[in-house]
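Peer 1: Just dropping this structure here.
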Amino acid sequence: MSKRIIVGISGASGAAYAQRFIELLVAAEVEVHLVVSPLGQRLLHDELGMEGVDLEVLAGRADHGITQYHYRDVGASIASGSFGHDGMVIVPCSNHTMAAIANGLSDNVMHRAASVALKERYRLVICHRETPLGLIEIRNMEQITAAGGIVAPANPGFYMLPRTVEDIVDMVVGRLLDLIGVEHELNTRWTESEANPRAGRE
Ligand SMILES: Cc1cc2nc3c(=O)[nH]c(=O)nc-3n(C[C@H](O)[C@H](O)[C@H](O)COP(=O)(O)O)c2cc1C
């Protein structure tokens, strides 16, 4: 049976992470349930040039099967504890959305689904993007972690010697896929034998 993952896109920088993540979920035949905040939509526009939420562009193909929910529809199926799934990932996750989740606010379906994921003990992964961190963000991260969520900041490693922006995006997205148990073939895992393939050149 295919996996079922809820994806939230909020208004933090890093729309490319969301696009690549969704593309790879669809490629892995994962059932994607998507909610985009109004500021998330703005970031899709500003950083990817997208008009509206273009599911075909996000998925990289026409037959994507993605279900999208209206941000304000707190009556949507994903807002219910009875909606079984294999995890929720918010990528990128803004300070605002992280604060709402850390404090149990749920006046939209993204925050509500995240809150439900915590109480039902589903995996919740927060791919936060902002720097530097203030005390409030650090405390919110602690609160989410204590509640069982995983804070996985958009924080790419460089040990695989990326050459392109796409390589850097893949470093973050590969970790997110690992965290929800979706297989991928991205070259993002450190193994000593393959480490630093260009070391010693020049
Ligand atoms: C171009 C742009 C970039 C932004 N980047 C970030 C960011 O990286 N991290 C962040 O926490 N907020 C960022 N913000 C601010 C959030 O979008 C803002 O706090 C908003 O209320 C978030 O709402 P949401 O969490 O419902 O999407 C950015 C806003 C804009 C317009």
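Peer 1: May I ask for the net charge around Ala102, where only other residues with Cβ less than 13 Å from the Cβ of Ala102 are counted and Lys, Arg are +1 while Asp, Glu are -1?
Peer 2: -1
Peer 1: For a distance above 23 Å, tell me the whole-number percent of Cα pairs in the stretch 4-179 that qualify.
Peer 2: 34 percent
Peer 1: Grab the beta carbon distance between Asp107 and Ala28, set R0 = 41 Å, and tell me the FRET efficiency rounded to 0.05.
Peer 2: Efficiency computed from Cβ-Cβ geometry: 0.80.
Peer 1: Measure nothing but the geometry: give the 0 to 90° angle between the long axis through the Cα atoms of 15-27 and the longest principal axis through the Cα atoms of the chain, rounded to 10°.
Peer 2: The answer is roughly 90 degrees.
Peer 1: Still on this structure: Sort Tyr71, Tyr159, Tyr17 so the one with the fewest other Cβ atoms within 10 Å of its own Cβ comes first.
Peer 2: Fewest to most other Cβ atoms nearby, the residues stand as Tyr159, Tyr71, Tyr17.
Peer 1: Roughly what angle does helix 135-146 make with the longest principal axis of the chain, taking Cα atoms, 0 to 90 degrees, to the nearest 10?
Peer 2: Once rounded, the angle reads 80 degrees.
Peer 1: Given contacts defined as C-alpha pairs under 8 Å and at least six residues apart, what's the relative contact order of the chain, whole-number percent?
Peer 2: Over the chain, the number comes to 21 percent.
Peer 1: Same structure, new question: For every helix of n ≥ 4 consecutive DSSP H residues, a contribution of -39,500 (n - 2.57) applies; sum these over the chain, divide by its total residues, and give [θ] at 222 nm rounded to the nearest 500 deg cm²/dmol.
Peer 2: Value at 222 nm, helices only, nearest 500: -11000 deg cm²/dmol.
Peer 1: Moving on. Please work out how much length the chain gains when fully extended from Asn155 to Leu133, using 0.36 nm per residue of separation minus the C-alpha to C-alpha distance, in nm with one decimal.
Peer 2: Separation in residues times 0.36 nm, less the Cα-Cα distance, equals 6.6 nm.
Peer 1: Determine ³J(HN,Hα), in whole Hz, for all residues of the stretch 170-180 in sequence, where each value follows from phi through the Karplus function 6.51 cos²θ - 1.76 cosθ + 1.60 and θ = phi - 60°; x replaces Gly and Pro.
Peer 2: 5, 4, 6, 5, x, 5, 5, 5, 4, 5, 10
Peer 1: To test your reading of the geometry: what angle, between 0 and 90 degrees and rounded to tens, separates the Cα axis of helix 38-48 from the longest principal axis of the chain?
Peer 2: The angle comes out near 20 degrees.
Peer 1: Further question on the same structure: Mind listing the long-range amide H neighbours of Ile150? Cut-off is under 5 Å, sequence gap 5 or more, other chains count too, H placed in the peptide plane at 1.01 Å from N.
Peer 2: Result for Ile150 returns Leu124, Val125, Ile126.
Peer 1: In addition: Given a Förster distance of 22 angstrom, what is the FRET efficiency for Arg163 paired with Glu51, based on the Cβ-Cβ distance and rounded to 0.05?
Peer 2: The pair Arg163/Glu51 has a calculated efficiency of 0.10.
Laboratory data are not the source of any read-out in this text; all were calculated from the coordinates shown. These numbers come from a predicted model, not from an experiment. Reconstructed Cβ throughout: ideal geometry from the backbone, glycine too, with neighbour counts over all protein chains shown.
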